[in-house]
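Notes to accompany the following structure.
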C-alpha cells in the first residue's frame, strides 16, 4: 500500500453521507476500508470508521492485514476529538502500513456548524441551556502536529462551494477517485425548529433510560414523526451563536482555508431571545393541536388539559407501542398496579413503565 487517505470530518459536514456512499468502493487504486464482520454485525451503519478507530488501541486487537490496494480510505470524524496522545498512537499505527498519509477535512462556517451540532445534540438527549462549543484549533491542532500541517487539506463545506452542490461528488473529486461511488446515500436530514422543540421538551421530562434497542428504534421513529408533523429547517437566533464565537479561532481557520468564514447579521427575532432554553421553549397552540391530532389519529385517548411536554411524551410512547408490536403497550399498563405488585420498584423510586420496558417485561412481571 502506497498511501492512506484519512478523512476526519469535521462533524456535520456530510461525513455520514460520504461514508455510506463509499462503503464497498474499490477501483483498483483506491479502496474504502471495510470493517471487520463483527463490527458490521453489531451496528446498522457499518461504514463509519469512528467506532473502530476509537477502540483500535486495545492491545488485544488484531491489527495486521495485507491490503491489496494502492490507497486506502479511512473516514472517522471522531478523530477531531482525540487528544494528542491518541492522535500520536493513531499516526504510529497508520505509518506501519504507509508513509504517505494525507488528511482531508471539511469545515463549516461557525454559525452553521454550531446550529447543526446543537440540533444533533438535542436529537440525542441534550436538554441544557448552552450551545455546542466550537474550536477549530482544538479539533485540528493535534492532527497537524502528528501528520504535518502540509499533509492536512481543508475545504469549506458550503453547498455553493461543493462540486455540483454535492459533497459525495466533491470528496471523490478532491481525493482523486477514478469513479464516483456507484450508490449514494444522503443521511442525517435536518429537523425544523418546531420539531427540535418537541425533542428538547421531551429531553427535560423525567423519562426512563434509552439503554435498549427497542427504545432506540422508538426514538428514531419519534424523530421521523415530528419531522413529518413539523417540516422545515432548524434556526437559532444569530446573536445566541455569535457571542460564543472566538474570532481568533476563526482567524486560525481562515488562514488555512485561504478565505473568510462568515457570521450572519442579527435580525429582529434575535433581540428578544434570552437564551437557548427560551428559544426552544417557545410553543404555539397550533403545535399542541398538531400533536393532539396525530395522537387521536392513532386511536389514543388524550387528556383534555395535557401540556405540550405531556403530549410529546405520549407520542413517544405511541412510537414505542408500534415499534414493539404492542408487547410494550402503555395504554394497557397500570402504574399503580405495577408498583403494588412490585414493591422493589416502588422502594427504588423508579418510573414504573420505564422499569417494565427495561426489565419487568423481560423478567415476566405483569404490567396489565
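The values are calculated or read from the model by the stated rules, or taken from the named source; none is laboratory data. Bear in mind the structure is a predicted one, so any value in this text is a computation, not a measurement. A quick note on method: Cβ atoms are made from the backbone with ideal geometry, for glycine too, and the neighbour counts reach across all protein chains shown.
The single condition among (1) under 29 Å from residue 133 (Cα atoms); (2) surrounded by 13 or more Cβ atoms within 10 Å (Cβ to Cβ); (3) over 26 Å from the mean Cα position of the chain (by Cα) that residue 255 does not satisfy is (2).
The rows are residues; the columns are (1) assigned to a loop (DSSP other than H, G, I, E, B); (2) over 25 Å from the mean Cα position of the chain (by Cα).
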residue: 266; (1), (2): yes, yes
residue: 286; (1), (2): no, yes
residue: 289; (1), (2): no, yes
residue: 293; (1), (2): no, yes
residue: 296; (1), (2): no, yes
residue: 306; (1), (2): yes, yes
residue: 315; (1), (2): no, no
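Taking the numbered list (1) part of a helix (DSSP H, G or I); (2) under 20 Å from residue 221 (Cβ atoms); (3) at pLDDT below 85 in turn, residue 327 passes all entries but (1).
For (1) surrounded by fewer than 20 Cβ atoms within 10 Å (Cβ to Cβ); (2) within 21 Å of the chain's Cα centre (by Cα); (3) free of Cβ contacts under 8 Å to residues at least 60 places away in the same chain; (4) not assigned by TED's automatic domain parsing to the domain that holds residue 323, each residue gets a yes or a no:
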{"residue": "200", "(1), (2), (3), (4)": "no, yes, no, no"}
{"residue": "212", "(1), (2), (3), (4)": "yes, yes, no, no"}
{"residue": "215", "(1), (2), (3), (4)": "no, yes, no, no"}
{"residue": "221", "(1), (2), (3), (4)": "yes, yes, no, no"}
{"residue": "226", "(1), (2), (3), (4)": "no, yes, no, no"}
{"residue": "239", "(1), (2), (3), (4)": "yes, no, yes, yes"}
{"residue": "243", "(1), (2), (3), (4)": "yes, no, yes, yes"}
{"residue": "246", "(1), (2), (3), (4)": "yes, no, no, yes"}
{"residue": "250", "(1), (2), (3), (4)": "yes, no, no, yes"}
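Please work out which one of (1) touching a residue at least 24 places away in the same chain (Cβ under 8 Å); (2) assigned to a helix (DSSP H, G or I) is the condition residue 273 fails and give its number. All conditions are met except number (2). Can you find even one residue in region 126-135 that is touching a strand residue (DSSP E or B) at 6+ places or on another chain (Cβ under 8 Å) and either farther than 30 Å from residue 222 by Cβ or at pLDDT 90 or above (or both)? So far as region 126-135 goes, no, none of its residues is touching a strand residue (DSSP E or B) at 6+ places or on another chain (Cβ under 8 Å) and either farther than 30 Å from residue 222 by Cβ or at pLDDT 90 or above (or both).
In region 153-181, of all residues being farther than 15 Å from residue 12 by Cβ, free of Cβ contacts under 8 Å to residues at least 60 places away in the same chain and touching a helix residue (DSSP H, G or I) at 6+ places or on another chain (Cβ under 7 Å), the one that is surrounded by the fewest Cβ atoms within 10 Å (Cβ to Cβ) corresponds to 165. Checked against the criterion of being over 23 Å from residue 71 (Cβ atoms) and out of contact with any helix residue (DSSP H, G or I) (no Cβ under 8 Å at 6 or more places or on another chain), region 134-147 contains one or more residues that satisfy it. Return the only residue of 311, 339 being under 28 Å from the mean Cα position of the chain (by Cα) and in contact (Cβ under 8 Å) with a residue 12 or more places away in the chain. The match here is 311.
A quick yes/no check of all residues on (1) under 15 Å from the mean Cα position of the chain (by Cα); (2) buried (at least 17 other Cβ atoms within 10 Å of the Cβ); (3) assigned to a strand (DSSP E or B); (4) outside the structural domain of residue 218 (by TED's automatic domain parsing):
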{"position": "73", "(1), (2), (3), (4)": "no, yes, yes, yes"}
{"position": "90", "(1), (2), (3), (4)": "no, yes, no, yes"}
{"position": "96", "(1), (2), (3), (4)": "no, no, no, yes"}
{"position": "128", "(1), (2), (3), (4)": "no, no, no, yes"}
{"position": "134", "(1), (2), (3), (4)": "no, yes, no, yes"}
{"position": "142", "(1), (2), (3), (4)": "no, yes, no, yes"}
{"position": "150", "(1), (2), (3), (4)": "no, no, no, yes"}
